[in-house]
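First the structure, in the form of structure tokens, and then the observations on it.
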Amino acid sequence: MVNFNEDLSNNKLPDYTESYWIASSSFPSFNEVSGDFSADIVIVGAGITGITTAYLLSREGLKVTVLDAGKILNGTTGHTTAKVTVQHNLIYDELISNLGKEKAQLYYNANNEALKFIYNTISENNISCDFKKEDAYIFTNSEEYEEKLIKEFKAYGELGINGEYLDSIPIPVPIRAALKIKDQAQFHPLKYLHFMVEFLIKNQSTLYENTEIIDIEPGENTVLTTSKGHEIQAKQVVIASHFPFCDEKGLYFARMYAERSYVLGIKPEKKFPGGMYISAEGPGRSIRSTPFGEGELLLIGGENHKTGQGPDTMSHYEALKQFADETFGVSSMEYRWSAQDLTTLDMVPYIGHLTSDFENIYVATGYRKWGMTNATAAAPILRDMIIGVENPYTELFTPSRFNADPSIKNAVTQNANVAKNLIKGKLEIPSEDYNALNPDEGKVVSYKGNRAGAYKDKEGNLHIVDTTCTHMGCELQWNSGDRSWDCPCHGSRFSFQGKVIEGPALQPLKKLK
């Protein structure tokens with residue numbers, strides 16, 4: 001664990017990003033793929049979707065191979081706020097309006113069953129993962145959103161969701177109204193999934209790390225190609241890599257948009273009353289606690305925005321710090337991290353066949369910040385499709401669906417945003433001199449007369465890359481909070497050295513110096 005307790009007299013933000021979940025858990029290391037081989041079932045992506053799906057398939061007596069481009073559970077799953085709830089902000093009224101009551105009911109049922117699955121798995125296997133039942137709250141201090149909460153509460157009634165409409169909540173924030181759902185939950189996601197990883201190892205499934213898949217060739221035996229040229233043949237393939245690495249086959253880059261959000265882990269001065277909270281309106285405030293030493297760690301999240309767009313990303317951490325200090329008081333700042341989430345055109349995840357043409361390739365993505373239950377709901381759907389069992393939720397989540405309203409409207413809006421940022425980046429003429437950068441500073445600069453991205457590390461070394469995204473040619477923006485280059489068009493992210501952090505991009509940036 002990085003020591004962030006230097007100079008806390010002014011509650012300084014931690015220097016580097018680190019997730020509490022990752023810092024407080026440990027997993028065995030796994031080899032990378034070093035040669036060609038064949039397998040029955042290959043799952044690409046070792047987050048909560050991939051691990052839970054592998055676990056369910058292993059329980060059916062099947063041997064599974066799981067691959068991850070980095071370390072297992074170090075991606076989006078390791079950077080969540082880990083709320084286990086069916087209260088996915090304001091969604092049910094919108095689902096009823098756009099998709100109809102029947103599909104809204106199915107969405108609730110699937111996520112409620114996922115919540116129960118997590119609870120039962122923990123109880124039956126005595127998993128120590130800081131699981132605790134908590135009430136979940138959405139609150140607002142906006143007249144506009146007060147009306148939306150009233151509509152959402154009505155939707156709760158239509159779907160049989162046991163909710164309450166309130167005019168006050170236990171935490172000291174100003175509100176006009178709130179909705180509460182009782183008996184939701186929170187946990188330590190990596191301690192929970194550690195049990196499943198151990199189960200997979202004991203039952204002869206295989207896990208690989210640092211194995212990046214850059215190409216897929218469909219067929220009776222699908223061929224996956226790694227970045228080092230090794231080929232893996234598989235009868236069935238599940239793509240659980242957050243963003244599908246073969247997105248062009250289903251045009252996923254045009255059917256989802258990426259948002260970043262931020263989390264602070266603080267030790268509060270005031271006692272936290274319990275519960276899980278989220279604001280209905282922006283800039284977004286998410287609050288929950290977790291055991292931490294002799295006390296508790298308060299997780300303050302929010303400040304979501306489209307990836308690669310908006311102001312200096314450090315300003316989002318500063319805004320959360322100010323909110324935390326004003327609301328709870330900050331004894332010390334322990335952690336800060338960020339996460340990336342994908343939203344589909346109709347807000348319902350894509351779970352099922354990659355496209356209708358590929359019967360043996362499956363995908364799960366687009367959880368819209370609610371990955372703990374949506375990913376857990378995805379796993380039995382994928383299992384049932386692979387073993388040939390009907391599942392009541394297959395049609396709702398199928399990636400091949402298209403709902404005219406809101407999909408057309410949202411597709412037009414998102415693609416207009418992409419076009420705007422593509423043009424804006426190409427017209428930008430940087431004048432910054434890379435030689436003038438301070439240590440630990442990054443900027444878009446002029447390099448030999450062309451647009452480039454430069455970062456000077458703390459030792460004074462310069463890292464200069466071509467800022468043209470290798471996915472579809474948009475120009476990247478510097479993310480000072482995470483020290484990365486982010487794409488404002490489709491959400492790809494690269495390290496300051498040019499390595500791919502988030503898809504849909506597969507190829508690294510060209511190094512210029």
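The values are calculated or read from the model by the stated rules, or taken from the named source; none is laboratory data. Owing to the predicted nature of the structure, the values given are computational and were not obtained by experimental measurement. Every residue, glycine among them, receives a Cβ derived from its backbone with ideal geometry; neighbour counts consider all protein chains shown. We work out accessible area using only protein heavy atoms, side chains counted, and drop any ligands, DNA or RNA first. Shrake-Rupley method; radii C 1.70, N 1.55, O 1.52, S 1.80 Å.
Since only Asn125, Gly163, Tyr108 are under comparison, the one whose Cα sits farthest along the positive direction of the charge dipole of the stretch 108-183, derived from C-beta charges on Lys, Arg, Asp and Glu, is Asn125. Report the Cα centroid-to-centroid distance between the stretch 328-368 and the stretch 132-149 in angstrom, as an integer. That distance is 22 Å.
Using a cutoff of 8 angstrom between alpha carbon atoms and counting only pairs six or more residues apart, the relative contact order for the stretch 30-73 works out to 46 percent. About its Cα centre, the dipole of the stretch 1-110 is roughly 360 debye, where the only charges are +1 on Lys and Arg Cβ and -1 on Asp and Glu Cβ. In a shell of Cβ-Cβ distance under 11 Å around Gly293, excluding Gly293 itself, what net charge do Lys and Arg (+1) and Asp and Glu (-1) give? Here the charged neighbours net out to -2.
Between Tyr367 and Leu342, the built amide H atoms are under 5 Å apart, and every one of these is 5 or more places off in sequence or on another chain.
Inter-label distance, Asp440 to Ala254: 4.3 nm, where each label sits 7 Å from its Cα along the C-beta direction.
Here the 3J(HN,Hα) profile of the stretch 360-368, calculated from phi with Karplus coefficients 6.51, -1.76 and 1.60 at θ = phi - 60°, is 10, 10, 10, 9, 9, 6, x, 7, 6 Hz, Gly and Pro shown as x. Rolling a 1.4 Å probe over the protein heavy atoms of the stretch 58-147, with every protein chain left in place, gives an accessible area that is 38 percent carbon and sulfur. In sequence order, the stretch 62-71 has phi-based couplings of 9, 8, 10, 10, 10, 10, 9, 5, x, 8 Hz under the Karplus curve 6.51 cos²θ - 1.76 cosθ + 1.60, θ = phi - 60°, and Gly or Pro positions carry x.
Take the Cα of Asn450, go 7 Å toward its beta carbon, and the backbone nitrogen atoms of the stretch 465-484 under 19 Å from that spot belong to 465-478. Mind running the shape call on the stretch 37-130? Use the C-alpha gyration tensor, a ≥ b ≥ c as the square roots of the eigenvalues: rounded below 1.5 for a/c, prolate if a/b tops b/c, oblate otherwise. Verdict is prolate for the stretch 37-130.
Estimated from the Cβ-Cβ distance and a Förster radius of 41 angstrom, the FRET efficiency linking Lys270 and Gln507 is about 0.25. The lysines within cross-link reach of Lys267, meaning a Cα-to-Cα straight distance under 18 Å and a gap of 8 or more places when in the same chain, are Lys12, Lys321. The 3J(HN,Hα) values that the Karplus relation (6.51, -1.76, 1.60; θ = phi - 60°) gives for the stretch 383-391 are, in residue order, 4, 5, 5, 5, 8, x, 10, 5, 10 Hz. Gly and Pro appear as x. When the Cα gyration tensor is reduced to axis lengths a ≥ b ≥ c, the ratio a/c is 1.5 or higher for the stretch 312-408, and with a/b above b/c it is classed as prolate. Longer than 22 Å from Cα to Cα, which of Lys83/Lys499; Lys133/Lys369; Lys154/Lys271 are they? Say none if no pair is. From Lys83/Lys499; Lys133/Lys369; Lys154/Lys271, over 22 Å: Lys83/Lys499; Lys154/Lys271. Per residue, the stretch 159-252 exposes an accessible area of 42 Å² to a 1.4 Å probe, with every protein chain left in place.
Quick check: from the Cα gyration tensor, does the chain come out rounded (a/c under 1.5), prolate or oblate?
Rounded is the answer for the chain, as its axis ratio a/c remains below 1.5.
Using the Cβ of Glu212 as centre and a radius below 13 Å, the other residues enclosed give a net charge of -2, where K and R count +1 and D and E count -1.
Considering helices alone, the calculated mean residue ellipticity of the chain at 222 nm is -8500 deg cm²/dmol, with DSSP H runs of length four and up weighted by -39500 (n - 2.57) and normalised per residue. Take every Cα pair under 8 Å whose residues are at least 6 apart in sequence, average their separation, divide by the length of the chain, and the relative contact order is 17 percent. Considering all alpha-carbon pairs of the stretch 465-513, what whole percent are spaced by more than 14 angstrom? Above the 14 Å cut-off, the stretch 465-513 has 35 percent of its Cα pairs.
Amide H contacts under 5 Å for Gly302: Tyr262, Ser286, restricted to partners 5 or more places along the chain or on a different chain, H placed in the peptide plane at 1.01 Å from N.
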